[in-house]
1. Could you say whether any residue in the range 77-90 is under 27 Å from Glu11 (Cα atoms) and more than 22 Å from the chain's Cα centre (by Cα)?
2. Mind listing whichever residues of the range 1-51 are farther than 22 Å from Leu257 by Cβ, among the polar types (S, T, N, Q) and surrounded by 14 or more Cβ atoms within 10 Å (Cβ to Cβ)?
3. Looking at the range 386-405 only, could you name the residues that are within 22 Å of Thr317 (Cβ to Cβ) and within 16 Å of ligand 1 (Cβ to nearest atom)?
4. I'm checking my understanding of the structure. Among residues of the range 283-319 that are of a type in the set (D, E, K, R) and surrounded by fewer than 24 Cβ atoms within 10 Å (Cβ to Cβ), which one is nearest to Asp366 (Cα to Cα)?
5. Just name the residue that is surrounded by the most Cβ atoms within 10 Å (Cβ to Cβ) out of those in the range 101-160 that are polar (S, T, N, Q) and in contact with a strand residue (DSSP E or B) (Cβ under 9 Å, 6 or more places away or on another chain).
6. For a quick check of your reading of the model, give me the residue pairs whose first member lies in the range 115-131 and is within 25 Å of Asn372 (Cβ to Cβ), whose second is among the basic types (Lys, Arg) and within 8 Å of ligand 2 (Cβ to nearest atom), with beta-carbon atoms closer than 7 Å and at least 6 apart or on different chains.
7. Listed residues Asp245, Asp234; which is of a type in the set (Asp, Glu), under 20 Å from Pro285 (Cα atoms) and outside any helix (DSSP H, G or I)?
8. Here is a check on your reading of the model: is Ala99 away from ligand 1 (no atom under 16 Å from the Cβ) and under 25 Å from Glu11 (Cα atoms)?
Amino acid sequence: MTTDNRQMWKELGIDLESHDALLSGLGPVYQEIYLSQKNRPEGMGFFDFVVGDIHGIRVRELRQHAKNGGKVVATYCVFVPDEVVLAADAVPVGLCAGAQFSVPVGEEILPRNTCALIKSSFGFKLGRICPYVQTSHLIVGETTCDGKKKMFEILAEHHPVYVMEVPNKKNRASLDLWRSEVVDLKQVIEKLTGNKITTDKLARATKLVNARRRALQRLYETRRASPVPISGKDALLVSQVSFYDDVSRCAQQVNALCDELEKRVAKGEGVFPAGVPRILISGSPMAIPNWKLPHIIESAGAAVVCEESCIGTRAFTNLVPETDGTVEAQLKAIADRYMQIHCACFTPNDERLDDIVRLAKEYRVDGVVHYNLQFCHTYANEAVKVEKRLEKEGIPLLRIETDYGDDTGQLRTRIDAFLEMIRG
Ligand code: SF4
Ligand code: SF4
């Protein structure tokens, strides 16, 4: 930690004492969960470096952008289109938080029976612990779930917030509503930045975000191999970093990692012995530094090979068509791509069930772990349908409901029993 960083955090209004406590806890956890893994791909070095300086270099880059007159737009959900933000020369940064550290701070205002992701994210702002939120000029929220929707109203008392309306259904009227929401966002971002969003700029931004999606698709493609060339924990980290790193650099680093992983696959090299149980995690997102579940699963001798999640396939499945049409046509193409995200906030949401079954087959998994953040009612209720569908397909399922607290012992017992059952 350099003196320069401390000065920057001070200027951002960070509560330095709390912030020190947060960072000093992160190092040993990262050592235990990540750096102790054997046979890691060399390409993970970049991602280790980014996490090692999690509130340093990237924040400095965003500050520099702001000092040059640019804007930083923070988001909490994969429904907010990065393309629109980038096309106005603003920088998008994902703010979802996965740390227990800020949950008690969030609970000072929010009800305790709110999902940990919401409390943690809110606590980061309230406690002035997150330099990303402090650097941002606007938070763009959405109406995906009731907890977040109402939290944004309270957050707006502390920071500039704009909320997009994400519909609950996927019919014609909902699609029209969502398309108009994307057009409205364009206007909001143009006003914030003072920059006009043109066809050229939107086309460039679309290519950029698609390139990141393609790189992540390529990463996931390597995880279909047996033995798997990268641990689930490392793949999760790559995905988490992709939410706040520079879009183009991130795509480049993911592609460099994939070059290495593809060589491993060609040589039949893996990070786990061949034949270990292969697990798909499906459900609520796991924001950084929430690594609990994959760590427990992989410590128990299984490999996490895919995530049907917003820190997994939902973030990169489907590209935006790269058309050179009018701005209106481009925005429509963007809106339509985002409406193909199968979040549990939609009803009905059978496409997600189809996705889970398809991914289970494509990644040749031995079982699915359904991950549910406590008090996340959409995913909890949808798990009932997931269970029925997987039973019909003959795919073993374990339903886990947890938060950011330490229930490792209990979870380990349940996961061990599940893997025992799979191994027969
Ligand atoms: S789970 Fe739903 S609300 Fe949460 S990030 Fe994904 S799309 Fe957004
Ligand atoms: S995990 Fe569930 S309750 Fe929490 S923010 Fe996402 S959709 Fe909302």
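1. Yes, the conditions are met somewhere in the range 77-90.
2. Asn5, Ser18
3. Keep residues of the range 386-405 that are within 22 Å of Thr317 (Cβ to Cβ), which gives 386, 389-390, 393, 395, 397.
Once the filter is applied, which keeps residues that are within 22 Å of Thr317 (Cβ to Cβ) and within 16 Å of ligand 1 (Cβ to nearest atom), the range 386-405 yields only Val386.
4. Residues of the range 283-319 that are of a type in the set (D, E, K, R), as a first pass: 292, 298, 307-308, 314.
With the extra rule that they be surrounded by fewer than 24 Cβ atoms within 10 Å (Cβ to Cβ), the set shrinks to 292, 298, 314.
On the way: Lys292: 20, Glu298: 14, Arg314: 21 Å.
Among residues in the range 283-319 that are of a type in the set (D, E, K, R) and surrounded by fewer than 24 Cβ atoms within 10 Å (Cβ to Cβ), the one nearest to Asp366 (Cα to Cα) is Glu298.
5. So in the range 101-160, the residues polar (S, T, N, Q) come out as 102, 113-114, 120-121, 134-136, 143-144.
Those left that are additionally in contact with a strand residue (DSSP E or B) (Cβ under 9 Å, 6 or more places away or on another chain): 135-136, 143.
Details: Thr135: 21, Ser136: 25, Thr143: 19.
In this case the residue turns out to be Ser136.
6. Ile118/Lys148
7. Residue meeting the stated conditions: Asp245.
8. Values: away from ligand 1 (no atom under 16 Å from the Cβ): yes; under 25 Å from Glu11 (Cα atoms): yes.
Taking the combined requirement at face value, the residue satisfies it.
The values are calculated or read from the model by the stated rules, or taken from the named source; none is laboratory data. Predicted model only: the values in this text are computed from it and were never measured. All Cβ positions, even for glycine, are placed from backbone atoms using ideal geometry, and neighbour counts span all protein chains on display.
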